[in-house]
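Comments concern the structure below.
The values are calculated or read from the model by the stated rules, or taken from the named source; none is laboratory data. Everything numeric here is computed off the predicted structure, so don't read it as measured data. Because the Cβ atoms are built from the backbone with ideal geometry, glycine has one as well, and the counts that use them run over all protein chains shown. The accessibility values were calculated without ligands, DNA or RNA, using every heavy atom of the protein model including side chains. Shrake-Rupley method; radii C 1.70, N 1.55, O 1.52, S 1.80 Å.
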Amino acid sequence: LMVDVDTAVPAAPGALDLATVSDTGSSNTDNITSDTTPTISGAPVEPGAIVTLYDSDGTTVLGTTVADGSGNWSITPSSVLSSGVHNFTTKQTDTAGNQGPASAPLAVTIVTGAPIPGTPDLTTLTDSGISSGDNLTNDPTPDFSVSGVDGNTISVFADVNNDGVFNAGDIALGSAVVAGGVATITAAPDMLDGPYVIRATQTDLGGNVSAASSPLAITIDTVVPSTATPALDLITADDSGSSSTDNRTNKTAYTINATGLEPGATVELKEGATVIATAIVSAGGTASFSLTGATEGAHNYVVAQTDAAGNVSTTATLLTVTVDVTAP
């Protein structure tokens, strides 16, 4: 009978590694994962040795395996692990039953369940409408601010189907990392004019993607109001000339009506570069200007419109009113 006596304690296993398939973080070497049963491997041990994987306390066994003929091995925990940092260690037990010391720990962070981000909002500089909160803009690449968790990534998309899920047909607008509780994303490429429903998702360090945020309804309008359609007219009651359409008057206070304007726009009546009066265009595309203190002579009036999205038209000479208050 030959007995092979082996009392030599095997060495501590070499460096441990989180398997690439389990490392779901932003890098496949950051040891951050959303996998609650992550696979751990390491440097080769003695061929045929039993490798045991331990949790942070060094006593809780997460799994065992037998190294192959080259000493290679990997272990996937048999039970789901909690969120947080786990300092994994291993020990090898050789074929004679000698167990060696523990390996150096491998710190793996398990992250589960990314929180839903805040509702996207057009930044004040981007919201070019009459109000900074009307979500109207003439910027085809608007900036959105979204609240989230520092270090996480916020992604913004146009929810074309308005179903609350990013899927085929939706438009990915961009992503940014949260810093100071907020991520700012500039849409790219250019967005076409029209209404959109904007939502955001948040991806945590473990690669978990949250459900979509509440929606933000915006409208992009880059069309400058027309200068071809507006028309100015001195009202009949103030047109005292030989014709009710000759735009001659013996009054220094009179009213000018404007038609063919863009509903909701702000329209300025100018004489030269001087703004004489301002009005909001009605739903029917009209505005009225009541002027006082006109001097004798010809007055050339032009209008310029700023629509609700902030687009400004050029000006055009549209009406000449001649004031004559001198009796013959």
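Values computed for the structure shown
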{"quantity": "Residue pairs meeting the criteria (Cβ under 9 Å; at least 6 apart or on separate chains; first farther than 30 Å from Thr320 by Cβ, in region 214-234; second of a type in the set (Lys, Arg) and modelled with pLDDT of 95 or more)", "calculated": "Ser214/Arg199; Pro215/Arg199; Leu216/Arg199"}
{"quantity": "Hey, Leu269 more than 40 Å from the chain's Cα centre (by Cα) and of a type in the set (A, V, I, L, M, F, W, C) or not", "calculated": "no"}
{"quantity": "Candidates Ala279, Ala298, Ala283, Ala308, filtered to the one that is out of contact with any Pro (no Cβ under 8 Å at 6 or more places or on another chain) and surrounded by fewer than 13 Cβ atoms within 10 Å (Cβ to Cβ)", "calculated": "Ala298"}
{"quantity": "Qualifying positions in region 194-234 - open to solvent by 40 Å² or more (accessible area, probe 1.4 Å) and hydrophobic (A, V, I, L, M, F, W, C)", "calculated": "Leu205, Val209, Ala211, Ala217, Val223, Val224, Ala228, Ala231"}
{"quantity": "Filtered residue count, region 1-46, keeping only those that are within 44 Å of the chain's Cα centre (by Cα) and either under 20 Å from Gly69 (Cβ atoms) or at pLDDT 80 or above (or both)", "calculated": "28"}
{"quantity": "Selected residue [hydroxyl-bearing (Ser, Thr, Tyr) and more than 27 Å from Pro115 (Cα to Cα)] from Thr89, Thr20", "calculated": "Thr89"}
{"quantity": "Region 73-85 - residue that is open to solvent by 70 Å² or more (accessible area, probe 1.4 Å) and out of contact with any strand residue (DSSP E or B) (no Cβ under 6 Å at 6 or more places or on another chain) and, of those, nearest to Gly113 (Cα to Cα)", "calculated": "Ser82"}
{"quantity": "Leading residue by the ranking (farthest from the chain's Cα centre (by Cα)) among those in region 177-193 that are small (Gly, Ala, Ser) and open to solvent by less than 40 Å² (accessible area, probe 1.4 Å)", "calculated": "Gly181"}
{"quantity": "Matching residues, region 122-159, being assigned to a loop (DSSP other than H, G, I, E, B) and open to solvent by less than 20 Å² (accessible area, probe 1.4 Å)", "calculated": "Thr126, Asp127, Gly129, Pro142, Asn152, Asp159"}
{"quantity": "Residues of region 94-121 satisfying the condition of being over 30 Å from Phe157 (Cβ atoms) and either within 41 Å of the chain's Cα centre (by Cα) or surrounded by 18 or more Cβ atoms within 10 Å (Cβ to Cβ) (or both)", "calculated": "Asp94, Gly100, Ser103, Pro105, Leu106, Ala107, Val108"}
